[in-house]
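Below is one structure, written out as structure tokens, with a few remarks after it.
The values are calculated or read from the model by the stated rules, or taken from the named source; none is laboratory data. Remember, predicted model here, so these are calculated numbers, not experimental data. Cβ: placed from backbone, ideal geometry, glycine included. Neighbour counts: every protein chain shown.
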Amino acid sequence: MKDDYSEAARAADRARILEIESQIRELQDRIDCLHSERKLAKKRLKAYRYPVLTLPNEIVSEICVHTLPLYPICPPMAGPSSPTSLAHVCRKWRDIALGSPELWRAIRFKYAAKHENRQTRAVRSWLDRSGTYPLAIQVGEGRWISSGCLEAILHHRERWEYVNLVLEDDQTTSIHGSMPLLRSLGLSLNGCRFDRPPPNICDFPRLQAVSLSGFPDLASLPVGQLTSLTLKHMDPRNYLPILQEAVSLIDLYLVNCGGEDRVHFSLTLPRLEKLVVEHSNSWRPQNLDAFIVPSLCTLQVWCEVLGDFHEAFASLITRSGCTLQHVLVTGDLPQGFSTSAFLREFPGIRKIAFDNGYNWSEDGYHSWEDSE
């Protein structure tokens, strides 16, 4: 058999091997140079200090505080507007964020049944980081609070300042104890159970604003010191007599607070400036006959509450001696209602708006939203 791999071919391969080895050495030298260059570049970057990282910790902490919503507005527990996102920037910022109690003084969350235990641990950790700062706490609208989370925030009730909770039936009696800093309290009962007693909230010296939904009465409220009160799903026979003591009230919101019968009761609120009376179709409205409000300047009312439209306004203004300036009427207006006739009858009203999205003012028609 003839051998095709001649001496010349073998010599060529030996020469090619030497050439390849030479190229490998050249390439390896180049790789070594690149490794050295990369090492030097990393060393320079590591030695460089970004200007923001040269700021004192106190300044960085203040910057972090200003990235959050203005207290007492509560940021979410996670996401771009949460203080937890600041802890993900770098190690230094994480240490600063976790060591800045002002970042954690306001918390907003929704009940998560699938992650209840993890959420409870997160809430406890968040509140522990807040140090001794007063607290703002908000449970998501329409969601009740788990027993674990309620226990966690009750542990810090002496620091409550602005609190809004949705409770289950068996949690109502938990809201008690010393709360010396509390200014605003919102409590909603999940599923209006009128046989459940309201919480005992009598001894809170700074309490000024209260919102109750689904509770039977106001017996435990310190109404005499309140300046703002929101009531939802309540019978006027239960709240009107007690409101007689609300001499400091400035804002009053009544939502779904109708009864089966007309209530004959005279209620004088000398400092009330804003009255909102709204309801859904499932509740019979309460008329305005009970109110004597000499300081009233803003009224938002569902049309059917008024009965006879013109007569209701005339009676309220005459009876109270008030000067209405802003009126918002929702619901379906009476058939044949004349805006111009109404304005001629009540020339003191500076602005009147209807639920069609337009309003009248001294300058004529324009959008209600633009006038705010």
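Annotations for the structure displayed:
- Residue list for the stretch 149-183, restricted to those being in a loop (DSSP other than H, G, I, E, B) and at pLDDT below 80: Glu168, Ile175, His176, Gly177
- Matching residues in the stretch 197-216 - criterion: being within 16 Å of Met179 (Cβ to Cβ) and either part of a loop (DSSP other than H, G, I, E, B) or modelled with pLDDT under 85 (or both): Pro198, Pro199, Asn200, Ile201, Cys202, Asp203, Phe204, Pro205, Arg206, Leu207, Gln208
- Flag if Cys257 is touching a His at 6+ places or on another chain (Cβ under 8 Å) and either part of a loop (DSSP other than H, G, I, E, B) or at pLDDT 85 or above (or both): yes
- Selected residue (only one of Thr120, Thr132 is over 19 Å from the mean Cα position of the chain (by Cα), assigned to a helix (DSSP H, G or I) and of a type outside the set (Gly, Ala, Ser)): Thr120
- Figure legend. Inter-residue proximity from the stretch 150-178: first residues hydroxyl-bearing (Ser, Thr, Tyr), second residues at pLDDT 90 or above and in a strand (DSSP E or B), beta-carbon distance below 7 Å, spacing 6+ or different chains. Indicated pairs: Tyr162/Ala136; Tyr162/Ser184.
- The set of residues in the stretch 313-368 being surrounded by 12 or more Cβ atoms within 10 Å (Cβ to Cβ), at pLDDT 75 or above, out of contact with any Cys (no Cβ under 8 Å at 6 or more places or on another chain) and part of a helix (DSSP H, G or I) consists of Phe313, Ala314, Ser315, Ile317, Arg319, Ser320, Phe342, Leu343, Glu345.
- Condition check for Val305: modelled with pLDDT of 85 or more, surrounded by 11 or more Cβ atoms within 10 Å (Cβ to Cβ), under 22 Å from Thr268 (Cα atoms) and not polar (S, T, N, Q): no
- Qualifying residues in the stretch 40-62 (those that are modelled with pLDDT of 90 or more and β-branched (Val, Ile, Thr)) - the one nearest to Lys92 (Cα to Cα): Val60
- For the stretch 85-106, residues that are under 19 Å from Leu127 (Cβ atoms) and surrounded by fewer than 19 Cβ atoms within 10 Å (Cβ to Cβ) total 7.
- Sole residue being surrounded by 10 or more Cβ atoms within 10 Å (Cβ to Cβ) and either farther than 30 Å from Arg129 by Cβ or among the β-branched types (Val, Ile, Thr) (or both), chosen from Ala47, Ala11: Ala11
- Among (1) modelled with pLDDT of 80 or more; (2) farther than 21 Å from Phe337 by Cβ, the one test that Leu299 misses: (2)
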